[in-house]
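The values are calculated or read from the model by the stated rules, or taken from the named source; none is laboratory data. All values reported here derive from a predicted model rather than from experimental measurement. Virtual Cβ from ideal backbone geometry, glycine too; neighbours counted across all protein chains shown. For the accessible areas, the whole protein counts, side chains as well, though only heavy atoms, and no ligand, DNA or RNA atoms are used. Shrake-Rupley method; radii C 1.70, N 1.55, O 1.52, S 1.80 Å.
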Amino acid sequence: MSDFVLIGADGMLGRCWAELLAARGVRHLATTIEDLDITDRANVALFVRPGTQWVVNCAAYTLVDAAEKHEDLANEINGRAVGRLAERCREVGAKLLHYSTDYVFSGTASEPYPIDHPRDPVNAYGRSKALGEELIEQSGVDHLLVRSSWLYAPWAKNFVLTIGELAMSKESLRVVDDQRGRPTDSRRLAEVSLTLAELGERGPFHVADSGECTWFELAAFIAQEVNPRCHVEPCTSDEFPRPAPRPAYSVLDIRATEDVVGPMIPWQDRVRDVLARVGG
Ligand SMILES: NC(=O)c1ccc[n+]([C@@H]2O[C@H](COP(=O)([O-])OP(=O)(O)OC[C@H]3O[C@@H](n4cnc5c(N)ncnc54)[C@H](OP(=O)(O)O)[C@@H]3O)[C@@H](O)[C@H]2O)c1
């Protein structure tokens with residue numbers, strides 16, 4: 001019997017969790033969608049069994065733009081399946097560590113979103129993640145709900161890698177300067193989540209690197225690191241219309257987390273570290 005069941009182990013964050021649990025020598029079962037599809041109730045029951053201490057759910061429907069067209073699928077994976085997973089965890093006495101997003105907030109605030117701010121998503125993905133949060137709360141499961149934002153890693157499709165590659169091959173880039181948030185190194189997110197769990201923290205937490213920036217500021221920093229000759233120019237979101245509206249200001253308030261684990265590391269340090277680990 002494994003102490004941890006990891007779901008979505010081949011996603012961007014899931015890979016960090018798999019590495020972390022292996023490095024710490026924690027008895028765990030790392031599953032991908034091939035093994036465990038969270039929309040399949042019987043499949044969930046097979047893996048989430050009495051004796052499991054923690055279920056870490058890194059599985060999600062994360063295609064923000066596609067979710068506008070496929071909202072029911074997003075709601076099934078990010079909402080209803082999460083609710084059933086939570087109920088199964090409660091039944092067998094397992095604790096659930098689940099991930100959510102800054103996109104459960106509208107982005108109309110002008111100061112960081114506290115953990116108890118009412119959910120008010122502006123797009124289908126955000127609504128599906130908000131549904132998952134609500135169903136976990138209603139299930140009565142013993143849980144840790146970690147909201148994060150703007151994830152990146154040395155693998156998978158993410159903004160830091162994409163801009164890093166573009167900056168190496170292009171003379172100039174235009175990047176939106178009217179969305180502000182907190183970039184987050186997925187590895188650090190997994191480490192801090194595990195620490196919160198081990199310390200017995202429960203309920204909602206916001207975990208992100210410290211500091212804040214716009215996508216333009218993040219891109220300009222990355223270009224400076226990988227190829228200072230690439231010129232990054234700011235532009236507005238109107239110039240790059242996308243199916244899903246994005247929150248303009250999605251800075252998560254991380255103070256409650258920092259009270260427990262100490263200061264989070266500035267995003268610039270984490271981005272530098274991840275760029276150095278690419279391909280390593
Ligand atoms: N990425 C971000 O910027 C960001 C920001 C804030 C919060 N989050 C949250 O952080 C968590 C991890 O995100 P991520 O970026 O690591 O996502 P990701 O890279 O897209 O990984 C998600 C994983 O879930 C799997 N999956 C999809 N449907 C599934 C199902 N029905 N059953 C089991 N597995 C399924 C995917 O498999 P396939 O690839 O085979 O479909 C993939 O391996 C998610 O809860 C996400 O909402 C992400």
Review point. Do we find a residue being in contact with a Ser or Thr (Cβ under 6 Å, 6 or more places away or on another chain), of a type outside the set (Phe, Trp, Tyr) and crowded, with 23+ Cβ neighbours inside 10 Å anywhere in the range 56-75?
Key: yes
Discussion item. On the basis of being farther than 19 Å from VAL146 by Cβ and open to solvent by 30 Å² or more (accessible area, probe 1.4 Å), does ASP259 make the cut?
Written reply: no
PHE205 passes all but one of the listed conditions (1) surrounded by fewer than 19 Cβ atoms within 10 Å (Cβ to Cβ); (2) closer than 30 Å to HIS143 by Cα; (3) of a type in the set (Phe, Trp, Tyr); the exception is number (1)
May I ask you to verify whether LEU135 is buried (at least 18 other Cβ atoms within 10 Å of the Cβ) and more than 22 Å from PRO118 (Cβ to Cβ)? no
Scanning the range 100-111 for residues that are within 16 Å of the chain's Cα centre (by Cα) and open to solvent by less than 20 Å² (accessible area, probe 1.4 Å), the one farthest from ASP178 (Cα to Cα) turns out to be SER100
Reported set for the range 219-248 where residues are touching a strand residue (DSSP E or B) at 6+ places or on another chain (Cβ under 8 Å) and part of a helix (DSSP H, G or I) is ALA219, ALA220, PHE221, ALA223, SER237, GLU239
Those residues of the range 112-132 that are under 17 Å from the mean Cα position of the chain (by Cα) and either open to solvent by 60 Å² or more (accessible area, probe 1.4 Å) or of a type in the set (S, T, N, Q) (or both) come to a total of 4
All conditions in (1) touching a Ser or Thr at 6+ places or on another chain (Cβ under 9 Å); (2) under 30 Å from PHE4 (Cα atoms); (3) not charged (D, E, K, R) are true of VAL176 except (2)
